[in-house]
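The values are calculated or read from the model by the stated rules, or taken from the named source; none is laboratory data. Keep in mind that what you see is a predicted model, and the values were worked out from it rather than measured. Counting neighbours? That spans all protein chains shown, and the Cβs are built from the backbone with ideal geometry, glycine included. Heavy atoms of the whole protein, side chains included, go into the accessibility calculation; ligands, DNA and RNA do not. Shrake-Rupley method; radii C 1.70, N 1.55, O 1.52, S 1.80 Å.
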Amino acid sequence: MSAIRRPRHVLILGGTTEARLLAARLADDPALLVTTSLAGRVAAPRLPAGQVRIGGFGGPDGLARWLREHRVDALIDATHPFAETISFNAARAAASAHVPLLALRRPGWVAGPGDRWHSVGSLAAAAELLPSLGRRVFLTTGRMGLAAFAGLDELWFLMRSVDAPEPPCPARMEVLLDRGPFTVEGESELLRRHRIEVVVTKDSGGEATAAKLTAAREAGLPVVVVRRPPVPDGVRVAADPSAALGWLRDTVR
Ligand code: NAP
């Protein structure tokens, strides 16, 4: 007589397209129980397949407790490449709760011929560089961290984000509420209509928001690209949901 095995519990730290794609591919597997965790930053998030929980865990200790209490067998950190705190929390919590951890990170963007990219290490460094590159700025770094640009009174900003920003913000700023994916045609039109002279982006990678880079190249505009923070030491990385799936099969088999 064989014992009935409980489904393996997979916790996905989400908030990205890749996290949703992964959850969709795992949700039909009867051998798995899949929970996606969202931070709760976006008012009306796109919900993934499977179970969803929303809100912080209360630091690494809270996450470790959650992993133990919910008998999590594998943790996949599929958060945005710039969500640095939760990724470090995941590494600490996984180690203390003895849960295998994988980081799912889409590759960063790579400059090609004709690109005029300026690579910087932080939003503050981007703000410092901006006045030397142009006066009309398309800012796509998200509504968090706008304070870095708040002192640039001589520049005008078109700021695009999913939800409305909160102060402190640049004094001269128009807000465009929108969510990708975006097209090259749409982005080119936006750059023309607002007479944009420089674009600022994080190196988020992925297809959904890459069109602005093509549009900027075609328009001959400089782009300030904020480099990614590192993945925590020792954490294994998968570049796409298929690779994460392979790791998971090996890990919870
Ligand atoms: P963060 O600075 O790394 O995290 C701050 C705190 O938010 C964490 O300590 C944690 O709170 C909570 N948190 C973050 N992600 C969580 C998740 N998936 N589930 C539960 N709690 C979470 O994160 P962030 O940069 O503000 O990003 C928040 C979320 O938005 C992330 O899930 C990320 O995938 C998504 N996102 C971020 C960006 C970006 O540019 N940063 C862009 C697109 C989407 P506790 O310590 O209380 O657990």
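Overview of results
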{"item": "Calculated [θ] (222 nm, deg cm²/dmol) that DSSP helices of n ≥ 4 give over the chain, each run adding -39,500 (n - 2.57)", "result": "-8500 deg cm²/dmol"}
{"item": "Contour excess over end-to-end distance, with Cα ends at Ala125 and His194 and 0.36 nm allotted per residue", "result": "22.4 nm"}
{"item": "Potential lengthening between Arg53 and Ala150 on full extension [0.36 nm per residue; Cα-Cα distance subtracted]", "result": "31.5 nm"}
{"item": "Per-peptide average of other Cβ atoms within 10 Å, ordering 157-166, 44-53 highest first", "result": "157-166, 44-53"}
{"item": "GNM top mover of Glu69, Glu189, Glu197 - the chain, alpha-carbon springs below 10 Å", "result": "Glu69"}
{"item": "By accessible area with a 1.4 Å probe, ligands and nucleic acids excluded, highest first: order of Asp153, Asp29", "result": "Asp153, Asp29"}
{"item": "Exposure ranking of Ile86, Ile54, Ile4 by accessible area [1.4 Å probe, largest first]", "result": "Ile4, Ile54, Ile86"}
{"item": "Two-site FRET efficiency, Asp29 against Asp178, from Cβ-Cβ distance with R₀ of 51 Å, rounded to 0.05", "result": "0.90"}
{"item": "Placed amide H near Arg8: partners under 5 Å, 5+ positions off or other chain", "result": "Leu32, Leu33"}
{"item": "Rounded percent of accessible protein surface that carbon and sulfur make up, the range 46-161, 1.4 Å probe", "result": "53"}
{"item": "Within the range 154-253: Cβ-based charge dipole about Cα centre, in debye rounded to nearest 20 (Lys, Arg +1; Asp, Glu -1)", "result": "200"}
{"item": "5 angstrom amide H check on Lys202, placed H, neighbours 5+ away", "result": "Val226"}
{"item": "Sequence of Met144, Met173 from largest to smallest accessible area, 1.4 Å probe", "result": "Met144, Met173"}
{"item": "Highest-first arrangement of 174-180, 200-206, where packing means the average Cβ count within 10 Å", "result": "200-206, 174-180"}
{"item": "Alpha carbon centroid spacing (whole Å) that separates the range 186-253 from the range 101-169", "result": "13"}
{"item": "Per residue accessible area of the range 18-65, 1.4 Å probe, in Å²", "result": "52"}
{"item": "Per residue solvent-accessible surface (Å²) - the range 116-226, probe of 1.4 Å", "result": "45"}
